[in-house]
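This report refers to the structure that appears directly beneath it.
The values are calculated or read from the model by the stated rules, or taken from the named source; none is laboratory data. As the structure is a prediction and not an experimental result, all values here were calculated from the model. All Cβ positions, glycine included, derive from the backbone under ideal geometry; neighbour counts span all protein chains shown.
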Amino acid sequence: MFKRLTCIVMLVASQPLHAEDIKFFNWDGFIAPEVIEQFEQQSGHTVSLSYFDNEMQRDQIIISGRGSAFDLALVDHMSAQQMFAQDYLTKAPTLAPARAQLFKQPFNDDCGSAGYPYAWGTLGILHRESVTETPVTSWKQLFDIPVEHRNRTVFYMDEVDTVAAALYALNLDPFTEDKAELKSAYDLMIGAKADRLGVGYLASEGIYSSFPKASLALGYAGDEYYLNEHSPYDDWTYTIPNEGTLLWVECLVLPKGKNLKSATVEFIQYISQPEHASKNAEQSGFATPVIGAKELSSKEHRQDTTLYPSADILHKSTAYKTLTFDALQVRSKIIEQFH
């Protein structure tokens, strides 16, 4: 009886005096369920997940003030820096150990005071191996669609990424502000409309279930893992085209309007530990910026060149840049016409 009472007392003592619920706004399938379960068991806190389908939807929710419904959100580093400058985010508090000991460069600087690096990766082309006859090697194939993928191609609608793919296909700067070059990208995109199946981010439940015929799509490194697990087919693969690609970084940010909970900081520190970051990266299919985490993952994950590209691909690739308001407006109009 004494031992039993001791165990009960120790269990109660290990729980926080005030258990809190952490509301996390994230991509679907972008955190390992077992990591959340372990955190909840060890901390006594709970984590409630809400999902967004695309970046524009996420950004509109945060900047409209509705982001105050969440304690934590995942945002690409360029949007995070802009939101922070416009006072939509709370400054990222100090962690222990210091973030320079937790996160690799340049990812730590990419997020800066706006947040903490969680994942990084590339933009590329998703395709089903059993359907593909012509090897996918170029961005041109997303717009001059191979016969076997005609009326089976899905385009993600993003004013930066989708237009960048077209600019890469034309061997142009993906962040050009030259209107003649952007007109060339527009013409290329409009020419693909007749042969596409639809639009949307394929690696999300509401989209892949709407397009069961899909066999080619614009997507991101790691999306093939999600599709192979959740869609009706398990032969999805991912290719970084030879022309190069965009390099993205996702940051954990704190939307303004919520009082910062100690539980939220505790959760950030927990998922930023190498053993937990490794599980998240491997199970969700992304590259981790956490120091020491990649080394704890499986050989298959560590050697996956779609997640950790070769030096040659990285050399030809471009980190996201801030575009002027006019350049973004032109891209938005292109997407409106392409939709």
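Assorted remarks:
- Filter result for Tyr226 (among the aromatic types (Phe, Trp, Tyr), surrounded by 15 or more Cβ atoms within 10 Å (Cβ to Cβ) and not in a loop (DSSP other than H, G, I, E, B)): yes
- Residues within the stretch 29-66 that are free of Cβ contacts under 8 Å to residues at least 60 places away in the same chain, aliphatic (A, V, I, L, M) and assigned to a helix (DSSP H, G or I), tallied: 3
- Residue within the stretch 94-110 that is within 22 Å of Gln60 (Cα to Cα), of a type in the set (Phe, Trp, Tyr) and surrounded by 13 or more Cβ atoms within 10 Å (Cβ to Cβ) present: no
- Residues (part of a loop (DSSP other than H, G, I, E, B) and closer than 23 Å to Leu49 by Cα) located in the stretch 73-100: Tyr88, Lys91, Ala92, Pro93, Leu95
- The set of residues in the stretch 298-311 that are within 19 Å of the chain's Cα centre (by Cα) and either closer than 20 Å to His77 by Cβ or part of a loop (DSSP other than H, G, I, E, B) (or both) comprises Asp304, Thr305, Thr306, Leu307, Tyr308, Pro309.
- Within the set Leu314, Leu260, the sole residue that is of a type in the set (A, V, I, L, M), over 16 Å from the mean Cα position of the chain (by Cα) and assigned to a helix (DSSP H, G or I) turns out to be Leu314.
Residue-by-condition table, conditions (1) part of a helix (DSSP H, G or I); (2) under 23 Å from the mean Cα position of the chain (by Cα); (3) not assigned by the TED database to the domain that holds Ile240:
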residue	(1), (2), (3)
Thr132	no, no, no
Thr137	no, yes, no
Gln141	yes, no, no
Ile145	no, no, no
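- Of everything in the stretch 284-321 that is among the charged types (D, E, K, R) and in contact with a helix residue (DSSP H, G or I) (Cβ under 8 Å, 6 or more places away or on another chain), the residue that is surrounded by the most Cβ atoms within 10 Å (Cβ to Cβ) is Lys294.
- From the list Phe325, Phe267, the one residue that fits, being modelled with pLDDT under 95 and aromatic (Phe, Trp, Tyr), is Phe325.
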